[in-house]
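Working notes, beginning with the structure itself.
Derivation of every value follows stated rules applied to the coordinates shown; laboratory data play no part. Just so we're clear, the structure is a prediction, and the values are computed from it rather than from any experiment. Glycine gets a Cβ as well: all are built from the backbone with ideal geometry, and neighbour counts include every protein chain shown.
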Amino acid sequence: MSKRRRRKRRKHMLMGFILFLTVTYGLLALGTWAVGNLLQKNRETEQGVLSETLNLQKLSSKAAVLTDLSTGKILAEKKGDERIYPASLTKIMTVVLAMEKLDNLDDTTVLDGDMFRELYAQGASMAGFAPQDQVSYRDLLYGALLPLGAECCEALARVCDGSEEAFVKEMNQKAKKLGMKHTNFKNVTGLHDKDHYTTAEDLSLLLEYALKNQEFYEIFTAKSHSMAPTASHPEGFTVYSTMRQEMEQNGISEPGILGGKTGYTSEAGLCLGSLLSLGGKEYILITADAPGSHETEPSHILDAAEVCRQLSLIGS
């Protein structure tokens, strides 16, 4: 065989190989697109069924939003865009922002006495620390989310930015970045201020973002946490999730509620940001301005249990 014919043959073989690869990759790409498109249609169909079946209007909370955690899609809502007061759900922003700013959660800080006097005067909920206690940042984070410790929130703000005012400025900047267009923070605790407001939709955006942080997820779903020894607690002490405590005290047993953050002021009513899990999927539920107080039945948690019931019926 001549050199010319050999070169021509190699050229034909190379072109054939290139054509084979092109066709193969084209078929793979087409198959991938088809499967992805089918999965997307299935998800949209399923979410459409959920949206048509779920009914949040029967909840006692005046505002509520249910969101698919994996997609961020709102499945059902009730006055989700109306202004509400967030009460202690504010601390979701306080904690996730502090987490992002702190380099080492095992570092410690000493709690100043001056902030305790102001918080006591305002009737803020406390985790149980005392002035001059030396506390790790991690324990402050747990103290802020589980027992709603206002002293923990104030301490985190001072550690991160030197003052509550400076930290609140960053909270509002973060809210804008997250697309929380109807939110304005005035403090780190959620104590009532007429200019401290949000919506259930905005809080859903915030909690969706926060739960992507693994450390936050672990704290948010924890039932309790053991604090390291301090000057006021030489043997340490344990804090508990306010939501879990209220569930136990009122005989509410709902395995679909993975975790949650409660809130209350007389102006905000009973509020709850919760993480639900049913049928292998996770959902965010924000409920706000439910009737009652700390002394009444927990209508905000009963609302979460009702949504779990609806989700289980849809899946059955």
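In the condition set (1) within 30 Å of ASP195 (Cα to Cα); (2) touching a residue at least 12 places away in the same chain (Cβ under 8 Å), LEU258 is compliant with all but (1).
Restricting the stretch 113-152 to residues that are in contact (Cβ under 8 Å) with a residue 40 or more places away in the chain and of a type in the set (Phe, Trp, Tyr) leaves a set whose member that is surrounded by the fewest Cβ atoms within 10 Å (Cβ to Cβ) is TYR142. Residue count for the stretch 177-212 satisfying the condition of being touching a helix residue (DSSP H, G or I) at 6+ places or on another chain (Cβ under 8 Å) and closer than 17 Å to LEU276 by Cα: 6.
Just name the residue that is surrounded by the fewest Cβ atoms within 10 Å (Cβ to Cβ) out of those in the stretch 280-309 that are assigned to a loop (DSSP other than H, G, I, E, B) and among the acidic types (Asp, Glu). I'd like the intermediate steps shown before the answer.
Residues of the stretch 280-309 that are assigned to a loop (DSSP other than H, G, I, E, B), as a first pass: 280, 291-298.
Filter once more, keeping what is among the acidic types (Asp, Glu): 295, 297.
Numbers: GLU295: 5, GLU297: 15.
Filtering first and then ranking leaves GLU295.
Scanning the stretch 229-254 for residues that are aliphatic (A, V, I, L, M) and surrounded by 16 or more Cβ atoms within 10 Å (Cβ to Cβ) yields VAL239, MET243, MET247, ILE252. In the stretch 71-96, the qualifying residues are those that are touching a Leu at 6+ places or on another chain (Cβ under 6 Å) and not in a helix (DSSP H, G or I), and the one that is surrounded by the most Cβ atoms within 10 Å (Cβ to Cβ) is LEU75. Restricting attention to the stretch 242-255, the residues that are of a type outside the set (D, E, K, R), touching a residue at least 24 places away in the same chain (Cβ under 8 Å) and more than 21 Å from ILE92 (Cα to Cα) total 2.
Please verify whether THR198 is surrounded by 15 or more Cβ atoms within 10 Å (Cβ to Cβ) and closer than 17 Å to ALA64 by Cβ, treating the condition exactly as stated. It is true that THR198 is surrounded by 15 or more Cβ atoms within 10 Å (Cβ to Cβ) and closer than 17 Å to ALA64 by Cβ.
In summary, helices (runs of 4 or more DSSP H) completely within the stretch 107-214 and bearing 1 or more residues that are within 24 Å of LYS62 (Cβ to Cβ), of a type in the set (S, T, N, Q) and within 20 Å of the chain's Cα centre (by Cα) occur at 200-210. When we screen SER277, SER312, SER253 for residues that are small (Gly, Ala, Ser) and in a loop (DSSP other than H, G, I, E, B), the only hit is SER253.
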